[in-house]
Structures are given as C-alpha cells and as structure tokens.
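Here is the structure we will look at, set down as structure tokens.
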Amino acid sequence: MYSLVFSLILLISNLVLHAQDFELSEDHRFMIAKHPYRILGVGAACIDLLIPVKEDFLKHVPGEKGGAQAIDIEKLNHIIALSDLKPQVATGGSCANTIKGLASLGEKCGFLSHVGTDPLGEHFSNYTKGLGITGLFTYSSRPTARVLCLITPDGQRTMRFFAGASQEMSNHYLHPDYFKDVKLVHIDSYSLRNGEMVARVMQLAKEAGAKISIDLSSFEIVREYYPTLCELLPNYVDIVFANQDETKAMTGLNPYEGCQRLQEICSIAVVLMGKEGCLVGHQDRILHSPAFPAKVIDTTGAGDLFASGFLYGYQQGYSLEESARLGNRLGSAIVEIKGAELPEEKWKDIRKTLNLESITDQRT
C-alpha cells in the first residue's frame with residue numbers, strides 16, 4: 001500500500017515540477033561552470049547555537065533527551081533566555097557539516113540550500129565559500145535556519161531547531177543541471193520535512209548516475225517518517241548512516257542485527273556506536289571498527305564528521321575498513337571540542353596523516 005501511494009506522490013510531484021519549468025539562475029549556472037563539484041549535499045543551511053546545560057535543565061525543553069525536534073522561533077528564544085547564557089555560534093546542519101568535512105579533506109563539493117537575507121545567512125555563505133564549497137543558495141525573506149544544541153555534562157547534545165528559510169526548499173528549486181557529473185549526493189533525513197523534495201533529489205541523482213548516501217539523523221525523525229524511509233532506502237540509497245537509537249527506530253533491532261538488516265536494504269550500512277566504534281555491513285558481512293580514544297566534551301557533529309571521513313575514503317577507493325577508520329578518526333576529533341567545526345590546525349594534522357598536500361591555497 002505504501003509503495004503505491006509513494007509512487008503516485010512522486011509521479012504527481014514530478015508532473016508539477018515539469019509544469020513549473022524551473023530555470024537555473026545565471027548566478028548558479030556560472031557557479032556550476034566555474035566551480036564544478038563531484039559531491040553534492042542537499043539540506044538545511046543552519047546556524048548552530050551551542051549552550052552547555054545541566055541535566056535538570058532539559059525539563060524546560062519539549063521532547064526527549066538526545067533527539068531533534070522542530071520548535072518555533074519564540075520557543076527557541078525562550079529556552080535560550082532560560083539558560084541565561086550567550087550561545088556559541090557555528091555553521092551547522094547535518095548534511096552541511098558532512099560536506100564541510102569533505103571539503104576540508106580536499107573533495108570538490110557543492111551545497112544546495114536556502115538561506116535568509118540576514119547576518120546569519122551571510123555568515124553561512126561566507127564560511128562555506130572559504131572552504132571552497134560551491135554554494136548554490138536561494139535567498140529567502142525568512143530568517144536563516146538555526147539549531148539550538150543543548151549539551152549536558154555527559155557530552156550528549158539535545159537539539160531543537162527552527163527551520164526558517166530551509167522550510168522553503170522544495171521540488172520547485174531542483175534542476176537536473178545541479179546533478180550533472182556528480183558522483184555522490186548526500187542528504188540527511190531532516191529534509192524529509194520538505195515534502196517530496198528528498199524523493200525528487202534521489203531520483204535526479206540516480207538519473208545522473210550518482211551514488212546516494214543518507215544520514216538517518218534522529219530517532220524522532222525516523223519514527224515520524226518511517227513509511228517514507230521504508231520506500232526510499234531500498235529504491236534509491238546506496239549508503240545509510242545511523243546511530244544505535246536510529247537503527248533501533250528503523251529496524252527494531254540491536255546494533256549488530258540492525259546493521260545486518262540495513263545492509264539487506266541498502267548496499268552499505270554503517271551503524272555508529274559512540275565509544276564502541278562502528279559496524280559496517282556490506283554483502284552479508286559485518287565488520288567492526290573500534291573508536292579512537294577521546295575525551296568527550298560535546299557530541300555535536302560526531303556522526304556528521306564520521307560520514308565525512310567514511311565518504312572521503314569511499315570516494316577515494318579505500319576499503320570499507322579504511323573508510324570506517326577514517327570516519328572514526330574524524331568523529332573522535334570533533335567530540336573533543338564544542339560544536340561541529342574543527343580548527344584548521346586539526347585539519348592540517350589529519351591531512352598530514354593521510355599524506356595529503358595542504359589544500360588551503362586551492363580555496364578561492
């Protein structure tokens with residue numbers, strides 16, 4: 001039943017898309033031609049607002065600890081006011097974090113999103129441009145999306161987000177030329193809130209011959225969009241990333257059995273287990289890659305940066321073991337700082353261990 005409904009929805013959305021005849025802006029055509037990319041991320045351009053809180057502070061926050069839930073801007077500002085602290089500001093968004101990590105390793109990346117015509121949107125655009133990312137932004141009168149990351153003493157982050165400009169992302173703003181010559185398209189499950197956009201992104205990616213990776217992002221999102229994910233994963237997705245909670249929500253199984261189940265649905269399944277490392281499933285084989293020792297301060301972005309490392313290895317032809325090890329390396333580095341932005345000095349050390357030349361001079 002779900003399959004029939006899903007197919008009808010996708011067919012209707014495609015007819016609507018073609019009826020609208022969306023044309024690329026001259027600016028985007030210029031960007032694609034001048035700064036080609038082989039990895040494309042599609043997702044929300046967010047600003048992370050990081051606040052350390054005590055455990056009992058979460059009683060003021062709707063939803064469960066460790067999850068990610070949408071709230072309005074008034075509620076978000078109210079929670080910030082209750083904390084009586086000034087948030088640390090950083091560029092974020094799950095997909096964006098992964099793309100930033102890939103660009104920092106030297107991959108040529110593009111990022112398709114909406115931002116507001118506000119200082120936060122300008123900050124996001126300038127930061128990603130500084131990393132050499134081809135920013136394919138549509139500008140909105142709505143405020144730039146923001147994510148409130150509440151970090152408890154155990155290092156776990158509870159996220160509440162205001163979608164803002166990212167709510168306007170839809171099929172109407174997609175064009176096949178964004179996907180031309182792209183080898184990999186990465187997306188996160190938060191974008192499932194944008195209607196049929198994710199299905200259309202995946203369809204365009206497949207038509208262009210690209211591989212598709214998805215991060216399940218949040219157990220709350222998995223629960224909310226379970227029927228949709230049951231259609232998308234087997235029909236489009238090549239690589240799926242999930243933590244233990246997301247794996248449980250998707251399969252009802254423990255990490256090992258859940259990884260087995262997910263790799264039956266997608267070609268490659270990666271289950272992240274924090275300090276226990278990760279499991280990678282492929283062709284009925286499950287391998288375990290141990291975590292690197294780390295002093296956990298904040299887990300914000302850990303899964304996103306793991307995906308950066310894993311996907312970099314995958315694109316470079318590394319083995320799954322080597323790709324997982326690089327993912328764990330990046331994940332362990334990011335949890336030792338606040339936020340999801342590794343300092344350039346850390347990136348230099350990582351690139352040095354990978355025998356990569358400095359890419360700083362290549363960024364324009």
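Structure above, values below:
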| item | result |
| --- | --- |
| 3J(HN,Hα) from dihedral phi, region 273-290, Karplus parametrisation 6.51/-1.76/1.60, rounded to Hz, x for glycine, proline | 10, x, 5, 8, x, 8, 10, 10, x, 7, 6, 6, 10, 10, 10, 10, 10, x |
| Mean Cα-pair separation over length for region 140-203, i.e. relative contact order, pairs under 8 Å, 6 or more apart, % | 27 percent |
| Burial ordering of I297, I334, fewest other beta-carbon atoms within 10 Å first | I297, I334 |
| Hz values of 3J(HN,Hα) by residue in region 174-189 - Karplus curve (6.51, -1.76, 1.60), Gly and Pro given as x | 9, 8, x, 5, 4, 9, 4, 6, 7, 8, 8, 10, 10, 8, 10, 6 |
| Residue among L253, L120, L232 with the largest mean-square fluctuation in a Gaussian network model of the chain, springs linking Cα atoms under 10 Å | L253 |
| Segment C230-K34, length gained on full extension (0.36 nm per residue, minus Cα span) | 66.8 nm |
| Estimated FRET transfer efficiency when R0 is 22 angstrom, pair S170-T117 (beta carbons, to 0.05) | 0.75 |
| Residue order, fewest to most beta carbons within 10 Å, for Y225, Y190 | Y225, Y190 |
| For region 243-287: rounded, prolate or oblate by the Cα gyration tensor [a/c cutoff 1.5] | oblate |
| Total charge dipole magnitude, the chain, about the Cα centre, Cβ charges on Lys, Arg, Asp, Glu only, Debye to nearest 20 | 460 debye |
| Ellipticity estimate at 222 nm from DSSP helix runs (n ≥ 4, -39,500 (n - 2.57)) divided over the chain, nearest 500 | -12500 deg cm²/dmol |
| Of G101, G41, G209, the one that fluctuates the most in a GNM where the chain has Cα springs shorter than 10 Å | G209 |
| For region 126-206: rounded, prolate or oblate by the Cα gyration tensor [a/c cutoff 1.5] | prolate |
| Ranked packing of 335-342, 149-156, most packed first, by mean Cβ within 10 Å | 335-342, 149-156 |
| Student exercise, region 245-364 dipole from Lys, Arg, Asp, Glu Cβ charges, in Debye to nearest 20 | 160 debye |
| For region 116-250, share of DSSP beta bridges that run antiparallel, in % to the nearest 5 | 40 percent |
| Under 5 Å, built H, 5+ apart or other chain: amide partners of G277 | A291 |
| Packing rank of 75-83, 54-62, where each peptide gets the mean count of other beta carbons within 10 Å, highest leading | 75-83, 54-62 |
| Per-residue HN-Hα couplings for region 228-234 [Karplus 6.51, -1.76, 1.60; θ = phi - 60°; Hz; x = Gly/Pro] | 5, 4, 5, 8, 5, 4, x |
| Max mean-square fluctuation residue, GNM over the chain, Cα-Cα springs under 10 Å, options S217, S125, S308 | S125 |
| Kirkwood Rh (inverse of mean 1/r, distinct Cα pairs), the chain, angstrom | 20.5 Å |
| Lys, Arg +1 and Asp, Glu -1 on Cβ, resulting dipole of region 305-358 about Cα centre, debye, nearest 20 | 40 debye |
| Cβ-derived FRET efficiency at R0 41 Å, Q69 paired with R285, nearest 0.05 | 0.70 |
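Values in this text are rule-based calculations from the coordinates and carry no lab data. Bear in mind that the values here come from a model prediction, so they are computed numbers and not experimental data. Here the Cβ is made from the backbone with ideal geometry for all residues, glycine too, and neighbour counts use every protein chain on show.
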